[in-house]
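Below is one structure, written out as structure tokens, with a few remarks after it.
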Amino acid sequence: MLESMREGQVYELILVSKSNVTPIGVVRMRETLHFKLFPGRSFRDLLEHNRVALQMTWDAELLVKTALNLDVKLSFESDGQYRWISGLPGWLGEARCRRDVWADKLGTTEVLKCEFLPEKEIAGDVRPTPFSRADCILVEMAVLFTRHLVRPTSELRDKILDLYSLYRHLGGSSEAAEYIVEHID
Ligand SMILES: Cc1cc2nc3c(=O)[nH]c(=O)nc-3n(C[C@H](O)[C@H](O)[C@H](O)COP(=O)(O)O)c2cc1C
């Protein structure tokens, strides 16, 4: 299943940690998946307990709503060591993480650099979903919005509003997009 991800390309997966669910961008390198976590609940979770699930979804709204902590209906399974979302394919495994410093134009912050070693596959039961440009745009809006929340700039704001126009043009109508536009300052 790992081979379905091209090496070096970023894919958006769902990280299920001890107490949190959040989308993350992962890159496969051979048999492991690499990701970065900026400070937040998942960051803290992984420092305490590094057994996690990485799961796939074709539901752009799920990726976006979990990033924005909006209400989503999910059911979980667990075995004491791991916790995962029922029905979404993916992997259980160990995330080996180290703290580092991250500097970019938003400033300097701590970052957790993690390498995930898949140990067990999670079987999925997912309905086939056709590819949608509107979904891609919604995900991009949400990525920029989470950056805007860390450090608002007029440049980011303009980009998000441009993407919103395209999203609407493509027929998108998720409440998550409305939430972003209503909470942008
Ligand atoms: C599609 C998508 C991908 C994201 N990827 C990452 C990521 O790789 N690392 C990260 O730290 N935050 C990422 N974010 C932002 C987090 O989801 C967001 O900041 C979240 O609130 C994390 O904080 P938490 O751990 O407290 O929930 C992503 C957001 C979206 C919408």
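Below are the figures for this structure:
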item	result
Relative packing of peptides 126-134, 168-176 - highest average C-beta neighbours within 10 Å first	168-176, 126-134
Cα centroid separation - region 94-164 against region 1-44, whole Å	10 Å
Structure-based [θ]222 nm, the chain - -39500 (n - 2.57) summed over DSSP H runs of at least 4, per residue, nearest 500	-9500 deg cm²/dmol
Two-site label geometry, Tyr11 and Arg99: point separation in nm, points 7 Å out along Cα→Cβ	3.1 nm
Neighbour net charge for Ile24 - beta-carbon separation under 10 angstrom, K R +1, D E -1	0
Segment Phe76-Arg168, extension gain: residue separation times 0.36 nm, minus the distance between their alpha carbons	29.8 nm
Residues listed by number, region 23-62, amide nitrogen under 19 Å from Met1 label point at 7 Å toward C-beta	23-35, 51-60, 62
Highest average packing first - 137-146, 38-47, Cβ atoms within 10 Å	137-146, 38-47
Set Lys18/Lys65; Lys18/Lys73; Lys73/Lys105; Lys73/Lys113; Lys36/Lys159 screened for pairs whose C-alpha atoms are more than 27 Å apart	Lys73/Lys105; Lys73/Lys113
Dimensions (Å) - the chain, Cα atoms, principal axes, largest first	42, 41, 30
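None of the figures in this text is laboratory data; all of them are computed from the coordinates on show. These numbers were taken from a predicted model, which means no experiment stands behind them. Cβ: placed from backbone, ideal geometry, glycine included. Neighbour counts: every protein chain shown.
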